[in-house]
Amino acid sequence: MSATIIDGREVAARVRAEVARDVAEMRKRTGRIPGLATILVGEDPASEVYVRGKRKASAEAGITDHHQHLPAGASQREVAAVIEECNDSPDVSGILLQLPVPEGLDGKALTAMISPDKDVDGLTQVSAGRLMQGAPGLRPCTPLGVIELLDSYSVALEGAQAVVVGRSDLVGKPVAFLLLERNATVTMCHSRTKDLPGVCARADVLIAAVGRTELIGADYVKPGAAVIDVGINRTEDGLKGDVQFEPVADKAGLITPVPGGVGPMTIAMLLRNTMTAAQLAAGEQ
Ligand code: NDP
């Protein structure tokens, strides 16, 4: 294996420690403490696990917990009222509505109600527009985590050929715009792309955000490329990425494992976004 393995757990731990330090510093200097409102509707076990993880990590960073749990039968209006309350509360710096919401609720409409200045998931249309136009704002967490990993391993982005496979609003598009913001030359691929292996093989930086188990083989990879695998696919053999780890690691310069690569970065960047939102609210950014 020739590639350097990117250690997402280590980078995430560093980011979380930095946020904890920034939270403590803000508290000491101004008396203000950043707060995160996680909003969970219903009893979906996976969502409960995700929200618990986010609350635990933010508590460890010193962020105040403003969790709200509504029953599965809550109406659109009731959830909307909780979001409005959080929008208005000066103690809440960031709001996260855990998706998917139960059937019968309109998750998109509810997400759209979150104040863009508290949109720590970066998923509202206003946040997406700010990213597209390069205006200050909160960016989606997993894409931010991808950039943080590349920066942590000093991967040059300016002028680099970057190829992003996947064009979802959650990962592919925001990653592409963050790379563009850093002056990479960006190609976006999707299910209708012709000659996907050929396009990917031109990449200095290859981001796989597809959700297809081990789609990306060694023939998709330029020797020495940095390969970031966002995919999380649950298989009979455990968690697998979108990249064939062993053969690609023999050819790439850097590669993220699954698990232990991009995964741990998402919560770390949520904490950083909450800190950023608190600083924005205080006029410090
Ligand atoms: P989506 O299903 O929303 O998007 C998948 C994208 O991949 C689409 O743009 C689709 O193209 C494209 N695609 C599908 N099949 C192919 C193919 N054969 N060739 C080329 N492109 C293809 O997924 P997400 O973006 O939400 O997630 C992607 C992966 O990242 C998933 O495995 C998910 O679990 C993981 N993930 C990991 C996170 C983490 O914290 N590490 C966070 C979020 C997601 P088209 O638009 O044409 O349909």
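The values are calculated or read from the model by the stated rules, or taken from the named source; none is laboratory data. Predicted model, so just to flag it, every value in this text is computed and none were measured. Every residue, glycine among them, receives a Cβ derived from its backbone with ideal geometry; neighbour counts consider all protein chains shown. What goes into the accessible areas is simple: the full protein's heavy atoms, side chains included, and nothing from ligands, DNA or RNA. Shrake-Rupley method; radii C 1.70, N 1.55, O 1.52, S 1.80 Å.
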Which residues qualify? For residue 216, with a placed amide H closer than 5 Å and at least 5 residues away or on another chain, they are 243, 244
Rounded to the nearest 10 Å², the accessible area of residue 239 at probe 1.4 Å | 70 Å²
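Using only Cα atoms, what Kirkwood radius does region 1-55 have, in angstroms?
14.3 Å
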Quarter of Cα convex hull surface for region 133-229, i.e. mean projection, nm² | 6.1 nm²
Set 118/240; 108/194; 173/222, cut-off 24 Å on Cα-Cα distance; pairs above it are 118/240; 108/194
Quick calc, residue 88 & residue 233: beta-carbon distance into FRET formula, R0 25 Å, rounding 0.05, result 0.05
Ratio of Rg to Rh for region 182-224, alpha carbon only, Kirkwood?
-> 0.93
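For the chain, what mean projected area does the convex hull of the alpha carbons give, in nm²?
That works out to 14.8 nm², a quarter of the Cα hull's surface.
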Ranked from the most accessible area to the least, with a 1.4 Å probe and all protein chains present, what is the order of 153, 50?
-> 50, 153
Expressed in angstrom and rounded, the centroid-to-centroid distance over alpha carbons for region 184-230 and region 114-182 is 17 Å
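Where does each of 113, 269, 132 land when they are ordered by accessible area, with a 1.4 Å probe and the largest first?
132, 113, 269
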Expressed as cubic angstrom per residue, what is the convex hull volume of the alpha carbon set of region 35-152?
-> 112 Å³
Any idea how far the Cα center of region 248-285 sits from the one of region 20-90, in Å?
-> 19 Å
Based on Cβ point charges of +1 for Lys and Arg and -1 for Asp and Glu, what charge dipole magnitude is obtained for region 96-244 about its Cα centre, in debye rounded to the nearest 20?
-> 360 debye
Surface accessible to a 1.4 Å probe, residue 9 within the full protein complex, Å² | 140 Å²
